[in-house]
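Colleague: Dropping a structure here in structure tokens format, bear with me for questions.
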Amino acid sequence: MKLNQIPIEFQEEELNELKYKEIGWEMGQKLWQSYKCLKKNINNLQTSESLNDYISVFPRHERRLEKIRMKSADPSKCLLTKKNVFNLAVIDNIDFKEKSFQFGNIYDVTRVIVEKPEPIRNLNIDTQIFGISQEMRDIIFKINKIFISLLAFWYNERQELEYNKIDLTAINSEILRQTEFSCNLPPLNVVILEPSGSPNDDNEILHATEMYRRDFSLEENDFLDICADEAIFRRLIKCRNKSENIRPILGQWHTSKDMMSALVTLFSSYGIYDLATALGVKFLDKFAAVIDYRSTRRVLELIWVAVGAAINIYLQKSKIKIEEILFCPANEKICLRIWYLYYEWFAIWKTHLTGIRCENYELQKFGLAAFAPLFPAAGKSNYATSVTHFLANLEKYPLLEKKLCLCASINLAREGHYPAFDEALEIHGVAYIKQNITRNSCNQENLELQIKATQEEINRIDTLLNEFLCTYSYQHKDRNTNNRIEPLWKLVHDLLEAFEMDNPINYDFFKKNSPPQLNQEGLIKINQVYMDGLKRIKEIFW
């Protein structure tokens, strides 16, 4: 018997004592079975790792209602479209890895602005955009002062030079302490919109921009500010031929990864693999390909700390200034001069990353403009072109710069850990979608519906979970990391010995990988790298 088959209007005589007992028995059985089912699935309800685990606990009719809700979902209603709001579109692709799945885009939106008309600067060949600016030189000098202050040189009773054994944590903490945080806005409003077609098709990218304009309620003359990784950024540049009011923004997290890759490439013939091996790196091929961003970043940072400490100790012992390093006789201090360039160029990368984490637009811009000439030098012609276009756009549109000064990163994390726009998309967009897609992701129609409705479904389920279960509690704390003090300082002493040699390639430390360019000829080449790259960047610009 089903309860919905019981007549709503009935005469008292229709339900006799036998019927009451029958109905009571049926209801008891249904309740008991439901209890057993709930008890059986209680773990999935309390500790579900995905939306799929949670949905599977509920009966079939709930799943039927899910599709109805997905079809009626309209995520664009969550957007803020007031005049004093900065609407930034961020675009990326989701790869579920099934062969039958067609790539789709999701859109992660942070807060918005619409102003018109906007002033536009005229750029010419004399416009100074690229290279190491005076501001960047001041930052490099400031970072070197941090190394010197933490090393805290002194002489003991025997007039021997002594110093503190610094580590990466101390350097990072002091850099953050001396950096200005520019986050003055409340947490941003992130909205996942509808998916579009393949990101490998220029027409689909153009269609995606039109979807954004419609969702943001932009007028014909309003600019659409849209952030993307380098591959999609290049397609957005092409879209400007058909729609001039598209302003692409190059994703700085992906750019940071390729900046690291460029450094590894540039110093691959100068012993960087020997330095990485000394720190305990086992898989040099994965290190060279930047397979793991966090691990590669940490290795390069440890190398930087070792090189910086060794250079400053050597300078203190030799009684020479850091500015004199590059002006030594051509056949002297080859290893010192080569690795001083790494120390300086990595400081530029570090400045760029610090700008992201502290939401400091100026640090991001100074770092990117100073690093740009190294992209063509490392054979990254696509990035050289994209970075040139991006920096030129920043110079051309002063109001875009003004907006980015107010919102240069996404303040959805702790202070000093803010993600870049494209990084936030990976965390709060792509990863979020992948974790909460249920059932068959190869069905295109079903997948598009789920992407569109994911946020509404999660919010609805969170309300229920918070009502009956414990609310979510997140613990934000630093990761436990190994500062590798012993191998770090062994590397410092090895570098100090190498700096003393006129022919360091014969040093046992470099025998394993035998860097072919660690000689006078290689020094001449790497000294010329930056100026050649700067010339190439200016050719692209003009």
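Colleague: Give the range 365-383 a look and list any residue that's within 20 Å of the chain's Cα centre (by Cα) and either surrounded by fewer than 23 Cβ atoms within 10 Å (Cβ to Cβ) or among the acidic types (Asp, Glu) (or both), or say none.
Modeller: 380, 382
Colleague: Any residue at all in the range 275-287 that is among the basic types (Lys, Arg) and more than 24 Å from residue 176 (Cβ to Cβ)?
Modeller: Scanning the range 275-287, I find at least one residue that is among the basic types (Lys, Arg) and more than 24 Å from residue 176 (Cβ to Cβ), so the answer is yes.
Colleague: Any idea how many residues of the range 319-374 are more than 24 Å from residue 524 (Cα to Cα), part of a helix (DSSP H, G or I) and not β-branched (Val, Ile, Thr)?
Modeller: 13
Colleague: Right, here's the next one. Give me the pairs, please: first residue somewhere in the range 289-304 and closer than 14 Å to residue 275 by Cα and of a type outside the set (Val, Ile, Thr), second residue anywhere and modelled with pLDDT of 90 or more and not in a helix (DSSP H, G or I), beta-carbon distance under 9 Å, and either six or more positions apart or on two chains.
Modeller: Sorted first by the residue in the range 289-304, then by its partner, the pairs are 302/167; 302/279.
Colleague: So residue 421 passes all but one of these: (1) modelled with pLDDT of 75 or more; (2) under 17 Å from the mean Cα position of the chain (by Cα); (3) surrounded by fewer than 21 Cβ atoms within 10 Å (Cβ to Cβ). Which condition number does it fail?
Modeller: Tallying (1) modelled with pLDDT of 75 or more; (2) under 17 Å from the mean Cα position of the chain (by Cα); (3) surrounded by fewer than 21 Cβ atoms within 10 Å (Cβ to Cβ), residue 421 fails exactly one: (3).
Colleague: Can I ask one more? Provide a single number: the residues in the range 263-302 that are modelled with pLDDT under 90, more than 22 Å from the chain's Cα centre (by Cα) and surrounded by 17 or more Cβ atoms within 10 Å (Cβ to Cβ).
Modeller: The number of residues fulfilling the criteria is 1.
Colleague: The conditions are (1) closer than 30 Å to residue 500 by Cβ; (2) modelled with pLDDT of 90 or more; (3) not hydrophobic (A, V, I, L, M, F, W, C), and residue 333 fails exactly one of them. Which is it?
Modeller: Tallying (1) closer than 30 Å to residue 500 by Cβ; (2) modelled with pLDDT of 90 or more; (3) not hydrophobic (A, V, I, L, M, F, W, C), residue 333 fails exactly one: (2).
Colleague: So residue 244 passes all but one of these: (1) under 14 Å from residue 387 (Cβ atoms); (2) of a type outside the set (Lys, Arg); (3) without any contact (Cβ under 8 Å) to a residue 12 or more places away in the chain. Which condition number does it fail?
Modeller: (1)
The values are calculated or read from the model by the stated rules, or taken from the named source; none is laboratory data. Fair warning: this is a prediction, and the values are worked out from it, not measured in the lab. Note that we place each Cβ from the backbone using ideal geometry, even for glycine, and neighbour counts take in every protein chain shown.
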